[in-house]
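First comes the structure, then the notes that go with it.
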Amino acid sequence: MSRFAVLALLVCLGACSAPPEEETASLAELEAAAGPVAGPAQVLPGDIAKLRVEESPAVGTVVADREHNTLYFSTQDGPSKSTCLEPECTLVWVPLLAAGGKIEAPGLDQALLGTTKRPDGLEQVTLAGKPVYRYVDDEGAGDTTGHGVDDRWFAISPAGTKASR
């Protein structure tokens, strides 16, 4: 569980379980006790990105993560360079990270796989040089609701191109 999730749980439990007359710890006090909050772009040492090829009824053959979440790329990203760096973006388009560049991807051309270092030092998975992301509004495995968002975000095919039927 990430520090962010633990912090959120502590805040909720503190707010829900304290009697009204007791004072609960402030968010700043909880952050100080828990250490810095890393947010959704956190990986643990040894985390391996696991990719798989799946078929989407909506957009065709796509690349998905270990939980079967469709992966996306942005047309605004440069080769091996993410432009989605601010929380307004990364909380919606969550970068797929790999500790130490470790990627397992049966069924994908290994020559197309790589990572790019983000400004925070974490390594983001790339496919054909395109940084890949999960879309927060995809509710379940195989969803592709992020495909075409802002005419910028597209589900990624195994070739590293826009998925299409």
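The values are calculated or read from the model by the stated rules, or taken from the named source; none is laboratory data. Nothing here was measured: the structure is a model prediction, and the numbers come from that model. Virtual Cβ from ideal backbone geometry, glycine too; neighbours counted across all protein chains shown. The area values use the complete protein model at the heavy-atom level, side chains included, leaving out ligands, DNA and RNA. Shrake-Rupley method; radii C 1.70, N 1.55, O 1.52, S 1.80 Å.
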(message) Residue under question is Thr75, and the condition is that it be at pLDDT 95 or above and under 16 Å from Pro158 (Cα atoms); does it hold?
(response) no
(request) Determine which single condition Glu55 fails, assuming it passes every other condition in (1) at pLDDT 50 or above; (2) more than 18 Å from Ala163 (Cβ to Cβ); (3) more than 13 Å from the chain's Cα centre (by Cα). (result) (2)
(message) As an exercise: evaluate Asp137 against (1) out of contact with any helix residue (DSSP H, G or I) (no Cβ under 9 Å at 6 or more places or on another chain); (2) open to solvent by 70 Å² or more (accessible area, probe 1.4 Å); (3) part of a loop (DSSP other than H, G, I, E, B); (4) not hydrophobic (A, V, I, L, M, F, W, C) and give the number of the one condition it does not meet.
(response) (1)
(request) Select from the range 152-165 the residues that are of a type outside the set (Gly, Ala, Ser), touching a Leu at 6+ places or on another chain (Cβ under 7 Å) and open to solvent by less than 20 Å² (accessible area, probe 1.4 Å) and list them in ascending order. (result) Ile156
(request) Would you point out which residue out of Val149, Val132, Val125 is open to solvent by less than 60 Å² (accessible area, probe 1.4 Å), within 17 Å of Thr83 (Cβ to Cβ) and without any contact (Cβ under 8 Å) to a residue 60 or more places away in the chain? (result) Val149
(message) Can you pull out every residue in the range 107-122 that is within 21 Å of Cys89 (Cα to Cα) and either open to solvent by less than 20 Å² (accessible area, probe 1.4 Å) or touching a helix residue (DSSP H, G or I) at 6+ places or on another chain (Cβ under 8 Å) (or both)?
(response) Thr115, Thr116, Arg118
(request) Count, please, the residues in the range 63-79 that happen to be open to solvent by 50 Å² or more (accessible area, probe 1.4 Å) and of a type outside the set (Asp, Glu). (result) 5
(message) Considering only residues that are more than 13 Å from Ala141 (Cβ to Cβ) and out of contact with any strand residue (DSSP E or B) (no Cβ under 8 Å at 6 or more places or on another chain), which ones fall in the range 59-72?
(response) Gly60
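Kindly indicate which of Glu104, Glu67 is out of contact with any helix residue (DSSP H, G or I) (no Cβ under 8 Å at 6 or more places or on another chain) and without any contact (Cβ under 8 Å) to a residue 60 or more places away in the chain.
Glu104
Tally up the residues in the range 79-117 that are over 12 Å from Val132 (Cα atoms) and either in a strand (DSSP E or B) or not small (Gly, Ala, Ser) (or both), please.
16
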